[in-house]
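> Here it is, the structure in full.
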Amino acid sequence: DQQNALTYMAQGSLQTLLTLMFGGALFLLINSLASHHIHLAPRWNEYFPLLEDRLNSYVPTFFSIVRLFLLAAIVFSLLDAWRLFNFKVWVSHGQGMIILHTVLRIALVCVVAALSWLILASFIEHRLAISGAHMPSERERTLLMLFKNALVIIISTLTVLVVLSQLGIDIGPLIAGAGVVGLAVGFGAQKLVQDVITGVFIQLENGMNQNDVVEVAGLF
């Protein structure tokens, strides 16, 4: 189309230039923000001693995801500038909207899982870090660490299952298979499972604790 070639080249060149300029500026801004650490107020550090380190550990992953989305936006804009790919048509028709909705739902699930773990783990660490008159007993420490480990398994498992379901994978057989495996392990290691459950209920009921003395059949 030689009659419109000049307009096509001018529009494509201008959009390419603007995309690279804004994209480069945003990349520099993201790199600058990623080099800064989150600093919480002393009061927050007193109540939640490991919250600041945990938040800072999430920063590199968060900015890596932001860079990935920014790079994808730049690539789509460049392809759209030279009419190699029509992003608006792709979003409004066909698989584009489905893919975007799936990505957003997965991102939301991951954010909710991370926030849930952040809040619950911070509460447990706050209880473990208390000193003075309200310092937790060994019983509380044991139960809190047990609940913390259980939370890791529960949140991780639920997050993986929900993400797989959002990707269109049928998780019914996975849940059924996990139930069968759990039942087999329960029967095969019955004594071990029984000991774990008994120990948890002993701690919950405070049936025995450190420095308790028991006499049974003349033995202490």
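> How many of the residues making up the stretch 112-149 are touching a Ser or Thr at 6+ places or on another chain (Cβ under 6 Å) and basic (Lys, Arg)?
0
> Something else: Can you find even one residue in the stretch 14-32 that is hydroxyl-bearing (Ser, Thr, Tyr) and surrounded by 11 or more Cβ atoms within 10 Å (Cβ to Cβ)?
Yes: one or more hits.
> Any idea how many residues of the stretch 79-118 are over 23 Å from Phe147 (Cα atoms), open to solvent by less than 40 Å² (accessible area, probe 1.4 Å) and aliphatic (A, V, I, L, M)?
3
> Same structure, new question: Only one residue in Ala176, Ala129, Ala189 is closer than 30 Å to Val103 by Cβ and of a type outside the set (Val, Ile, Thr). Which one?
Numbers: Ala129 fails: closer than 30 Å to Val103 by Cβ; Ala189 fails: closer than 30 Å to Val103 by Cβ.
Only one candidate qualifies: Ala176.
The values are calculated or read from the model by the stated rules, or taken from the named source; none is laboratory data. The structure presented is a predicted model; accordingly, all values stated were derived computationally and were not measured. All Cβ positions, even for glycine, are placed from backbone atoms using ideal geometry, and neighbour counts span all protein chains on display. For the accessible areas, the whole protein counts, side chains as well, though only heavy atoms, and no ligand, DNA or RNA atoms are used. Shrake-Rupley method; radii C 1.70, N 1.55, O 1.52, S 1.80 Å.
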